[in-house]
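**Student:** What follows is a structure written as structure tokens; I'll ask about it next.
The values are calculated or read from the model by the stated rules, or taken from the named source; none is laboratory data. Nothing here was measured: the structure is a model prediction, and the numbers come from that model. Methodologically, a virtual Cβ is constructed for each residue, glycine included, from the backbone with ideal geometry; neighbour enumeration extends over all protein chains shown.
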Amino acid sequence: MENSPIEKVNNWIKNSVTLKLITITILMLLLLIPASMIDSIIDEREQLNSQATTEVSSKWAEKQQINGPILTIPLIYEYEKDEKIITTTRYWYILPENLKVDGEIEPEKLRRGIYEVVVYKSNLSVSGNFLFDQHPDKTNLKEIKYDQSFLTIGISDLRGIKNQIAVKWGDQNLSVKPGSKISHLIYSGITVDLPNLENLINQSVNFDFQLDLQGSQNMSFVPIGSTTKVQLKSAWNSPSFDGNFLPDSRELNDDGFSARWSILQLNRNFPQSWVDTDQSKKMDASAFGVNLILPLDDYQKSMRSSKYAVMTIALTFLIFFLVEILNKRKIHPFQYALVGLALCIFYILLVSITEHSNFNFAYGISALGIVSMITLYSLSIFHAKKLTILLVSTLLGIYGFLFVTLQLADYALLMGSIGLTVILGATMYFTRRINWYKLNIETE
């Protein structure tokens, strides 16, 4: 007895490989929706972490930039205009001949809720000398106000100063005043009034002072000396050297790091002395220093791992599909959907557990949980331990490959492209003998 048209359509729907492939593809596209939602969740948690960092830094002290000392001398110019005598004050800025900074940074980890923030305390010894062998433009120059000269030391966040600062100027110990008188050049800092500067013409005068300074994440310096030498050491073992200059030498091990910079005035784009011109942008652009970063941020790892969600779902569905067509085991689209959702939940587990432990532990727990769940579910679908072992091996291979790729940040693209090539080649090999035109999913 021939089947009715309705029964023929029903059988085609049940057994058509083409329709099954279309259905699986649609399911994969639909699963991109929760995958994109997971990306949004990771991004939101990362923003909350950033807000916690900002909040802690605002109470402890922000990142610190040291700029100075800069010597400022007022100049009185007088010239005639429209038969009137006009007097104006201009400022002569002189930078140190030599500047040396020797410092130690003591990192600390503070917590805001579940979030961890890197802050530090530092002890800096700053020394150098000024050489007064330069002269300003004497055209219309009436007077040099040596008695009103002052030093400015730029400190980007004054809340980080923990002890009184005394500047040794030659043989004198000078007190400092809060605030900067040259805010267009140094917005935040301290000021030191200089006595008897006129007696130092054509001489060299030494200076030194100590800075007990705390800040958050970053410390940087502006190379204002004709020769600037900076040496830093810290117990932090994952520094990131940034800015306009990298260290000339560095040592990094499990106990921390040490780094040395030596910068000449020829390496930067501003002079040793000038009158009134604004050099602030050029000075800021020449800054260099170190970031105390947490090793490859866990949220970045979680975000990168979620980029492989489509590959993980596609390969798992591929195993289910091959089992279905080669071993005559019908699998309902709803079962595909459940497995796909389980794979998506992996990324939620990953980011949530990471916030309370380290990334590697969270990755292992999440992968183990999801693989176990899919394994137990597949046993009831496949009714064959060999096929389940094949699925488990594939899932473990996928998560193992992804884990290695995440650890090798610099080689992630290379690893990913090689992995995808191998996977595609393996798929082509194992399906090379399938006659897709004569294939259906009828059970035996």
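**Student:** Go over the candidates SER156, SER183 one by one and state the one that is of a type in the set (Gly, Ala, Ser) and surrounded by fewer than 18 Cβ atoms within 10 Å (Cβ to Cβ).
**Tutor:** SER183
**Student:** Moving to a separate point now. When region 187-221 is examined, which residues are found to be among the small types (Gly, Ala, Ser) and either closer than 15 Å to ASP171 by Cβ or modelled with pLDDT under 90 (or both)?
**Tutor:** If the condition is that a residue be among the small types (Gly, Ala, Ser) and either closer than 15 Å to ASP171 by Cβ or modelled with pLDDT under 90 (or both), then SER204, GLY215, SER216 are the ones that fit.
**Student:** Output the residues belonging to region 331-370 that are over 28 Å from the mean Cα position of the chain (by Cα), over 27 Å from THR23 (Cβ atoms) and modelled with pLDDT under 80.
**Tutor:** none
**Student:** Which residue pairs have Cβ atoms under 7 Å apart, sit 6 or more places apart or on different chains, and have a first residue in region 162-185 that is free of Cβ contacts under 8 Å to residues at least 60 places away in the same chain and a second that is in a loop (DSSP other than H, G, I, E, B) and of a type outside the set (A, V, I, L, M, F, W, C)?
**Tutor:** Matching pairs, first to second residue: SER180/TYR187; SER180/SER188.
**Student:** Further question on the same structure: How do the pairs read when you match residues in region 218-240 that are under 19 Å from LYS109 (Cα atoms) with residues anywhere that are of a type in the set (Ser, Thr, Tyr) and surrounded by fewer than 24 Cβ atoms within 10 Å (Cβ to Cβ), using Cβ under 6 Å and keeping only pairs 6 or more apart or on different chains?
**Tutor:** LYS233/SER258
**Student:** Another question about this same structure. Among ALA342, ALA314, ALA285, ALA309, which is the only one that is of a type outside the set (S, T, N, Q), free of Cβ contacts under 8 Å to residues at least 60 places away in the same chain and surrounded by 14 or more Cβ atoms within 10 Å (Cβ to Cβ)?
**Tutor:** From the options ALA342, ALA314, ALA285, ALA309, the qualifying one is ALA342.
**Student:** Among the listed residues GLN203, GLN148, GLN134, identify the single one that is in contact (Cβ under 8 Å) with a residue 40 or more places away in the chain and either touching a Pro at 6+ places or on another chain (Cβ under 6 Å) or basic (Lys, Arg) (or both).
**Tutor:** GLN148
**Student:** Can you name the number of the only condition in (1) assigned to a helix (DSSP H, G or I); (2) aliphatic (A, V, I, L, M); (3) crowded, with 17+ Cβ neighbours inside 10 Å that LEU266 fails?
**Tutor:** For LEU266, the exception is condition (3).
**Student:** Something else: Quick one: which residue in SER122, SER127, SER149, SER156 is small (Gly, Ala, Ser) and either touching an Asp or Glu at 6+ places or on another chain (Cβ under 6 Å) or not assigned by TED's automatic domain parsing to the domain that holds PHE257 (or both)?
**Tutor:** Sole residue among the options that is small (Gly, Ala, Ser) and either touching an Asp or Glu at 6+ places or on another chain (Cβ under 6 Å) or not assigned by TED's automatic domain parsing to the domain that holds PHE257 (or both): SER127.
**Student:** Being touching a residue at least 24 places away in the same chain (Cβ under 8 Å), hydroxyl-bearing (Ser, Thr, Tyr) and outside the structural domain of GLU143 (by TED's automatic domain parsing) narrows it down to one of THR23, THR54, THR72, so name that one.
**Tutor:** Residue meeting the stated conditions: THR23.
**Student:** I'd like to verify a number: residues in region 351-407 that are part of a helix (DSSP H, G or I), of a type outside the set (A, V, I, L, M, F, W, C), touching a Phe, Trp or Tyr at 6+ places or on another chain (Cβ under 9 Å) and closer than 27 Å to ASP39 by Cα, how many?
**Tutor:** Qualifying residue count for the region: 8.
**Student:** Among the strands (runs of 3 or more DSSP E) lying completely within region 212-261, list those that include at least 2 residues that are out of contact with any His (no Cβ under 6 Å at 6 or more places or on another chain) and exposed (fewer than 15 other Cβ atoms within 10 Å of the Cβ).
**Tutor:** 249-253
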